Amino acid sequence: MWSAVALLLPVAWSAWVLRQRPLLAPLSVMILCVVTGFGAAVLRSYMVAAPVLERPMGGVLVARVVSVETTETGSLSAVLEPSSFGYLAQSALPARVRLNIRLREAVLRPGAVVSLRARLMAPPEPVLPYGFDFARHAWFSSLGAVGFAYTAPEEISPPSGFGQRLALLRMTIGDRIRSSIGGTAGAVAAALITGERASIPDGISADLRAAGIYHVLSISGLHMVLFAGSLFWVVRAALVLIPGLALRYPVKKWAALIAIFGATFYLTISGAAVATQRAWIMICLMFLAILLDRPALSMRNVMLAATVILLWRPESLIGASFQMSFAAVIALIAFYESEPVRNWTSRPRSSGFEAIISRSFTYILGIALTSIVAGTATGVIAAFHFNRIAVYGLAGNMAAMPLVGIVVMPMALLSLLLMPFGLDGPALWAMGQGVDGMLAIAHEVAAWRGADRMVPAAPMSALVLAVFGSLWLTLWRANWRYAGILPIAAGLMLWGSGPKPDILIDRDAALFAVRQSDDEIVLTSSRPSYTAEQWLRYEGDGRTARDAARSPSMKCDTRGCVYREEGRPVITFPETLGAVVEDCERADILIASVPVPRGIRDGCAAELLLDYFYFWRNGATILTLSTDGSVQILTAREVRGNRPWVQRKRTDQ
């Protein structure tokens with residue numbers, strides 16, 4: 001009730017100000033937008049609220065299959081809606097769970113009700129206090145648990161319902177594409193149509209990232225424009241060929257309406273991910289503008305699409321997908337609407353052979369300029385979220401995008417149109433050839449020296465300054481727009497100035513790291529893991545876990561590890577109680593992966609002692625050593641705060 005009152009009061013005040021005090025209108029609108037945003041966020045949090053599993057447990061799971069993806073290793077990754085799980089009460093049953101099924105004989109059909117034995121646990125917490133919070137992502141997906149299957153699923157009832165039939169259609173289309181094209185090209189082609197990327201090998205994904213064309217795999221604005229735009233062009237061209245029809249009826253509007261239906265179909269079979277939903281909204285607004293005789297692509301349409309998405313899914317604001325897609329679109333519109341570009345594009349057209357040369361040059365130049373503008377606009381955001389820069393992204397995009405735009409996506413559209421009649425073979429073959437060419441380009445560019453460069457993490461202030469400056473530069477049209485270069489430069493200067501902890505502790509106290517005097521971190525384990533990968537990525541360190549565990553300062557055995565370096569505190573990481581007792585006599589800082597009883601703790605000579613229970617309560621932890629000998633501790637629990645997706649046991653225990 002009080003939330004509704006808090007929202008209605010600014011709305012009423014803004015209405016009064018707009019009517020009585022026009023000079024205060026900008027301030028009023030700003031306040032209204034902020035309040036509306038917070039109101040939408042609170043409402044969305046309550047709408048998606050669902051139980052989260054409190055502790056790991058196993059049992060018989062009976063659930064309806066929502067979606068299924070086949071990974072490159074042949075295992076299944078499935079999202080299910082449980083109806084029962086072990087002895088868990090219905091009130092505590094998660095709305096959805098994500099399950100990994102590694103059994104070769106496993107078969108799942110979307111919409112079917114299955115029974116199997118599984119092990120489930122709560123969505124994992126961040127591996128760093130400021131790291132990616134999968135639990136937050138899971139909350140807004142109503143995902144209350146993740147886990148794996150002990151036994152193959154047994155189908156209790158067949159698929160039913162319209163939504164389940166669509167999911168089954170999507171899986172059938174993906175299987176047909178993979179089997180028809182085959183190999184890696186088939187997996188990539190299926191991802192371009194159905195959005196299922198789990199079957200793409202990690203090496204191929206790495207090459208696409210290094211070449212700067214991994215965005216091709218994310219079904220977003222590019223795919224919607226190529227798919228729906230090709231359909232719009234084909235339908236309009238076909239209608240124009242009918243004598244007299246184009247002179248009497250608005251065939252352009254008919255084609256736009258059909259393109260909207262085509263984009264909606266593409267949305268459903270692609271899995272309707274958040275990025276795809278955003279692209280669908282934008283493409284529908286573009287065709288709606290054609291229906292209303294308005295400019296199809298303008299900054300107003302982009303702002304309207306952003307408003308709709310933020311009211312619908314406000315959590316997407318801090319996601320890389322939302323930021324990168326809108327940054328690219330805003331930058332491209334601002335660039336192509338600028339006066340020099342408009343003057344160049346509106347120049348008189350030539351004819352004959354000269355026209356062919358001119359249009360070919362214009363097409364190539366357009367790809368280059370689009371790649372430069374979009375790459376520059378999204379580069380800072382990508383570096384902030386992924387700590388990577390594709391140095392040769394321009395070369396990769398210029399070589400691959402003509403294949404994607406001329407061969408791959410048009411053939412994808414044609415194959416979908418012919419698939420119901422069983423005539424899609426030639427179109428899928430042509431699409432596979434285009435994908436093979438794109439992968440060859442990605443492999444070549446990725447092999448260039450320094451193609452994939454790691455960068456250290458940046459503080460949030462750096463991203464905020466860079467984004468603010470970019471918006472100032474692109475949204476204004478007067479000369480003062482160039483003042484936006486100053487905050488962009490300030491944001492770039494702050495890059496790499498984020499916190500550099502001296503000791504990193506995993507959320508499960510299973511992995512530790514220490515920063516050496518050469519500013520590189522050394523790990524206590526050489527075993528590859530998600531935590532080690534994220535820590536090294538945060539550092540902008542391209543080493544593997546095996547390389548990062550090699551240091552003469554870190555000595556490990558079966559009882560734990562000891563870090564010694566001249567001029568620095570002795571840090572130990574014992575794994576048994578016996579090792580804890582021994583290390584208490586020699587360590588300045590003792591971080592144990594086991595619970596330490598009060599008696600041992602009270603008699604320990606170490607200046608700082610943290611044990612397993614501390615990390616169980618507080619999650620991933622970082623320690624910063626000050627020059628005066630003090631230690632600053634920051635935990636994931638502190639950073640995450642008291643939010644719906646944070647497990648309450650971290651504060652109650």
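Structure above, values below:
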read-out	value
Test for residue 583: is it surrounded by fewer than 18 Cβ atoms within 10 Å (Cβ to Cβ) and over 15 Å from residue 623 (Cα atoms)	no
Pick from the stretch 464-494, criterion farther than 30 Å from residue 399 by Cα and in contact (Cβ under 8 Å) with a residue 60 or more places away in the chain, ranking: surrounded by the fewest Cβ atoms within 10 Å (Cβ to Cβ)	475
Residue in the stretch 444-463 that is nearest to residue 332 (Cα to Cα), counting only those that are of a type in the set (Gly, Ala, Ser) and surrounded by 13 or more Cβ atoms within 10 Å (Cβ to Cβ)	462
Qualifying residue in the stretch 588-595 (condition: surrounded by fewer than 19 Cβ atoms within 10 Å (Cβ to Cβ) and modelled with pLDDT under 90)	no
Sole residue being modelled with pLDDT of 85 or more, among the polar types (S, T, N, Q) and buried (at least 19 other Cβ atoms within 10 Å of the Cβ), chosen from 205, 180, 220, 199	180
Selection within the stretch 564-621 - in contact with a Ser or Thr (Cβ under 6 Å, 6 or more places away or on another chain), among the aliphatic types (A, V, I, L, M) and closer than 19 Å to residue 506 by Cα	590
Set 509, 532: member being in contact with a strand residue (DSSP E or B) (Cβ under 7 Å, 6 or more places away or on another chain), buried (at least 16 other Cβ atoms within 10 Å of the Cβ), closer than 18 Å to residue 636 by Cβ and among the small types (Gly, Ala, Ser)	532
Residue pairs meeting the criteria (Cβ under 6 Å; at least 6 apart or on separate chains; first aromatic (Phe, Trp, Tyr), in the stretch 138-151; second part of a helix (DSSP H, G or I))	140/315
Test: residue in the stretch 515-526 that is more than 17 Å from residue 387 (Cα to Cα) and under 25 Å from the mean Cα position of the chain (by Cα)	no
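For every residue, the table says whether it meets (1) part of a helix (DSSP H, G or I); (2) of a type outside the set (A, V, I, L, M, F, W, C); (3) crowded, with 20+ Cβ neighbours inside 10 Å.
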| residue | (1), (2), (3) |
| --- | --- |
| 382 | yes, no, yes |
| 385 | yes, yes, no |
| 409 | yes, no, yes |
| 415 | yes, yes, yes |
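The values are calculated or read from the model by the stated rules, or taken from the named source; none is laboratory data. If you're wondering where the values come from, they're calculated on a predicted model, not measured in any experiment. Quick reminder, even Gly has a Cβ in these numbers, built from the backbone with ideal geometry, and neighbours come from all protein chains shown.
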